[in-house]
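Take a look at the structure below.
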Amino acid sequence: LCRGGLAERLCRLQNRERSAISFWRHQCISDDKIPSDKSGVLIVKILEIFEECTIQVAICQQLEQSPAALSPEDALINAEEPILKVLFTRETAAHLKSRPQDVIHIYPPWQKLLLQNSDVPVIMNTYFSQKVLLSEHSEAREKTYGLTKMLIKKNIISLAQTFRLDDLDDKLHQESSDNQVPCAPQTHNNSGSKQHPSALSAVNDSLLEMVESQGAVGWREVQVRVVIQRVYCLPAREGHRSHTQGNKPLLSNGGMFCRLCLLVQDAYGMFSEVQLQFLSSTDDIEQYCRRWEGKSYCLAGMKILQRTTRGRALGLFSLIDSLWPPVVPVKVPGQSQDSEMMTTNLPPPSFCYILTVQSGEIHVEVDEEEQISNLYQPPAVHGLKEILGINGCNERCSFWAQVLYRRLQSKHSVPVDQREMLLFVTDSTLQNVVHGIPKVVAVSVTASCVLSMEVTEALSAGSPLVFFKDALWGNGRIICVERTVLLLQKPLLCSAAGADLSELTGPVRLDELDSTTQANSICALRGTVVGVNESTAFSWPTCNRCGNGKLELCPQDRELLYCNQCSEVVTTPVLKMQLEVFLSCPSRSQSTVKVKVWHEMTLFVLLTMLLFLQTYEVQSVLGKEVGLLNCYVHSVTSHPNCVVLEEIVLL
């Protein structure tokens, strides 16, 4: 705020006002009695309460005095005593928790406003107000009423009606009194209650205005028109995992439960994350993305879960930043909404509201026939070569790549469904590069990134083309985190941004092992066999039906093996073996290169054949040249200078 300016002076005045009100209320509670000074005190009895423009309006009857020994119901009221319209702010109304028939003492400095063409005075500045409980009967009634939330009707006043923008006739003025809806959830059957059509058709275009006017408890009678920018799933919190949706258990994606979410944006550029229902299948996420993204949607029946900021939700704001600035000019709060007043020179959002539905289930009504909104920003697809050249940190990126190899990180203390997974991918922009840029990139998929069963099965079965939407790039790594979506089909709407998205035609080439090779990467290896570690070689039996390598002794016959997965005795197990082979590689002449080879691998078959022909003489395989072998790099150390690899089969 500008020093000495009007805004700073107003802020100080509001702070002093809040302090004075809080001190006065604290003093009343401490004294446990009504202030003794009755001079200027206005005593009213509430007859009716409703809400209008966030102000609680109480129709009251003025009392000459408050009987000391009688309850409010027993107080005799003279019909000639004046009727007043008393205004309470939302904070004062929440403090008083008033109901019809309550007696309220309003202390100075209250003010009376006389309106033209109205016989009912309006009482304002009612911050110093106190509800009077005059007997044990009324105190008991107050405790009983305190357990139930009172339904207060709201008068919805259209700005067009207020300022006569549309030349409305008197008929609309007569109908305005009918635009009343309860401000709290009703406990009876919804089929018997109907809201007024005008209440349901009240559509706003500002998320912030709705939050400020309706409060954190949510809104029912108004809607906010937004554009769906992204559709994704978030892993559910542990507390939700035991719940069920209808008769179906919540989704288990390899042990993970997820919730459908929308990232929406209003006409002012403000974002909000809307958490919807739990999904019965993650395969639905692809159809939701295709059907909903880019379409307009009217939010209704929402409540605020959280107001989060950039510092507390880096992942959410990295996605928001990728959609900023808007592709079309947005409205500016507090300014005229003429086209010349709209601007895109706005700072990125610093906060975001997390919304959820007030009731258990929701049916999202999206007009799928509607045209794509101009505010929608489809994912900008880049080639992997271009992404590796980005200098920023925590940048969202989208790309189309071929998955060559999949590997779970081996942290045995962590459950399989919560382990990080590495996907080694490539595309034509990397395969066509001669030097300086790797031909294969590792993409880390964290446990918080929800994968559909279709994608998981495709990764296990073959070499799929996968579309990575809104992955995170930073510190030389591509990471799939929360709000990253993996699809097997490219979205209908995406901007290529000049990237080369042609599919691979020839065989995939890997970078050969050299001095720049790092751990947790894959490479091609060629070299000469210089040794075989016989001490670490071992073999184990596997099931000839399912390949299970953890066979047990059969309980009935200890000489036979038993497979728990097949629940059958294994009479002809398949013997598998592991060897460690030392190679001499010209590309790393100073390093010891150790390769783990498994049964049915290229190098293993070659060595076994040579050993068999030479009656298992290890000397017979020394000096033999091998390669090119596809290998995963376990570790690279300088002391001792050693590289440990494992031969792999690409998808």
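Details
- Amide H partners (placed H, <5 Å) of residue 204, local residues excluded: 223, 224, 225
- The accessible area of residue 324, taken with all protein chains in place and a 1.4 Å probe, comes to roughly 40 Å².
- J(HN,Hα) series, region 6-19, from Karplus relation 6.51 cos²θ - 1.76 cosθ + 1.60, nearest Hz, glycine and proline x: 5, 5, 5, 5, 5, 4, 5, 4, 5, 5, 5, 4, 4, 5
- Rounded to whole Hz, the Karplus (6.51, -1.76, 1.60) HN-Hα couplings of region 292-297, x for glycine and proline: 9, 4, x, 8, 7, 8
- Interchain or long-range residues, amide H under 5 Å from residue 521's placed H: 633
- Cut-off under 5 Å, modelled amide H: who pairs with residue 84 long-range: 60, 61, 62
- Modelled FRET efficiency - R0 51 Å, residue 457 with residue 50, Cβ distances, 0.05 increments: 0.30
- Computed on protein heavy atoms with a 1.4 Å probe, the accessible areas place 307, 396, 12, 3 in the order 3, 12, 307, 396, largest first.
- Solvent-accessible ranking of 23, 88, 128, largest area first, probe 1.4 Å: 23, 128, 88
- Segments 482-488, 286-292, 47-53 sorted - mean Cβ within 10 Å per residue, highest first: 482-488, 286-292, 47-53
- By accessible area with a 1.4 Å probe, ligands and nucleic acids excluded, highest first: order of 460, 373: 460, 373
- Per-residue HN-Hα couplings for region 47-57 [Karplus 6.51, -1.76, 1.60; θ = phi - 60°; Hz; x = Gly/Pro]: 9, 7, 10, 8, 10, 8, 6, 6, 9, 8, 10
- Multiplying the residue separation of residue 97 and residue 530 by 0.36 nm and removing their Cα-Cα distance gives an extension gain of 147.2 nm.
- Considering only region 397-487, percent of DSSP beta bridges that pair antiparallel, nearest 5: 90 percent
- Computing FRET efficiency as 1/(1 + (r/R0)^6) for residue 305 and residue 419, where r is the C-beta to C-beta distance and R0 is 25 Å, gives about 0.30.
The values are calculated or read from the model by the stated rules, or taken from the named source; none is laboratory data. Computed from a predicted model, the values in this text were never measured in an experiment. All Cβ positions, glycine included, derive from the backbone under ideal geometry; neighbour counts span all protein chains shown. We work out accessible area using only protein heavy atoms, side chains counted, and drop any ligands, DNA or RNA first. Shrake-Rupley method; radii C 1.70, N 1.55, O 1.52, S 1.80 Å.
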